[in-house]
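Working notes, beginning with the structure itself.
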Amino acid sequence: MSRTCIIVGASHAAAQLAPSLRQEGWDGRIVVIGDEPHLPYHRPPLSKGYLLGEKSREELLIRSAQTYARFDIEFRLGERVTSIDRVGRAVTLASGESLAWHKLALCTGTRVRTVELPGGGLAGVHYLRGIADIDRIRGDVLPGKRAVIVGGGYIGLETAAVLNQLGMRVSVLEMAPRVLARVTAPEVSAFFERVHREAGVEIHTGVVVARFEGSGRVEQVVSHDGGRWAADLVVIGVGVLPNVELAAQANLAIDDGIVVDACARTNDPDIVAAGDCTRHPSPWYGAVRLESVPNATEQAKSAAAAVCGKSKPYAALPWFWSDQYDIKLQIAGLNQGYDTVVLRGDREAGHSFAAFYLKQGRLVAADCVNRPQEFMASKRLIAGQIEVDAAQLADEGFALKTLVASACA
């Protein structure tokens, strides 16, 4: 009888895992089950190119239907898995249908963190996670009208930039003392606040939203200290949560994500997991859960190998990016626990500089604004744990690639 591998979730990880199974030698059925009606698609462009209207739905697709067909990959779209039976090796769909599996892959991703505030259900109040969310937001975009973004993280700032470009008057409300407070140094936060303000976006920090008001439709946002912001459109971007409920119900190990080893294996030898929903070991940072397309893609390759009985540990350095206006921010590594920030370039003079994060004299991360060479060098310096000198990092005249070259000599 033909073996079946079921992939739960039509995510970035699933888009890679399915064809990788074929490349690793899986000759049985591959069935991908996703609760959206779309084939797996790129999510980062949602808050940028798709919201701007520069990309179509078809252009968002990670792979075409023809490509999946060539790999003989089946899709069950618009359907949701409600439970996993590890003993009987089956999943149950919301329709009640049961599907048998020999191997199971969980690529369930994340969902938006919602807020329980009065008025949160008013028309014009939106979250941003999928294509349908952007379609609803686009329907409320009108030049000259007021948009309020709740949350000053990457998604919030990217959305603010696009709505500003579409002609809306935009205000960003951030609860922390600065934007990007959880992920960047104060110097980098100050740079992005300046960029947005210069573009006409209002940035308000230290704001705790209390409620949304309006008669059938949102009209204003009210903070706990009585501040009020007129709003024709509200987008809430306050983070995401990993979708671990199915795994937890199946008694798989959970710890802020589905716990997997370096080969993406769960505590069940016949179940793997990959992508934003997982917590995995990193050679540089310990156990981590990453919300990152590169992570989902590379980890999915390890998961596919594990399904086929091979061990191909995933050990790539984390990296991320954010696009705002003419700025390409590329991030190498994780800056957790840093004690020193070294700046390279003048962040006040233009839109090009790098911030290096050191922990006990060792480079652990770098934020590179329109600095692709520093980004590439930083990835190699961190991954190779190459000794660095703060003065050299700060010196514009010193080529960081020479550190990499000398270490490899």
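General remarks:
- First in segment 1-26 and on the phi < 0 side of the Ramachandran plot, second anywhere and in a helix (DSSP H, G or I) and of a type outside the set (A, V, I, L, M, F, W, C), Cβ under 6 Å, 6 or more apart: Gln16/Thr297; Ser20/Lys301
- Meets criteria (modelled with pLDDT of 95 or more, under 27 Å from Ser20 (Cα atoms), assigned to a helix (DSSP H, G or I) and among the hydrophobic types (A, V, I, L, M, F, W, C)) for Ala306: yes
- When Ala147, Ala176 are screened for being outside the structural domain of Ser56 (by TED's automatic domain parsing), of a type in the set (Gly, Ala, Ser) and touching a residue at least 40 places away in the same chain (Cβ under 8 Å), only Ala147 passes.
- Matching strands (runs of 3 or more DSSP E) fully within segment 27-131 where at least 1 residues are of a type outside the set (Gly, Ala, Ser) and closer than 30 Å to His224 by Cβ: 110-112, 125-127
- Residues of segment 157-204 classified as within 20 Å of Cys368 (Cα to Cα) and either not aliphatic (A, V, I, L, M) or not in a loop (DSSP other than H, G, I, E, B) (or both), total: 17
- Among the residues making up segment 131-144, those that are out of contact with any Lys or Arg (no Cβ under 8 Å at 6 or more places or on another chain) and either in contact (Cβ under 8 Å) with a residue 12 or more places away in the chain or of a type outside the set (Asp, Glu) (or both) are Ala132, Asp133, Ile134, Arg136, Ile137, Arg138, Gly139, Asp140, Val141, Leu142, Pro143.
- Lone qualifier among Ala349, Ala316 - being outside the structural domain of Leu163 (by TED's automatic domain parsing) and out of contact with any Asp or Glu (no Cβ under 8 Å at 6 or more places or on another chain): Ala349
- Condition check for Asp256: crowded, with 20+ Cβ neighbours inside 10 Å and within 18 Å of the chain's Cα centre (by Cα): no
- Unmet requirement for Asp276, which otherwise passes all of (1) more than 30 Å from Gly88 (Cβ to Cβ); (2) crowded, with 23+ Cβ neighbours inside 10 Å; (3) among the acidic types (Asp, Glu): (1)
The values are calculated or read from the model by the stated rules, or taken from the named source; none is laboratory data. Because the structure is a prediction, the values reported are computed rather than measured. No Cβ is skipped: glycine too gets one built from the backbone with ideal geometry, and neighbour counts run over all protein chains shown.
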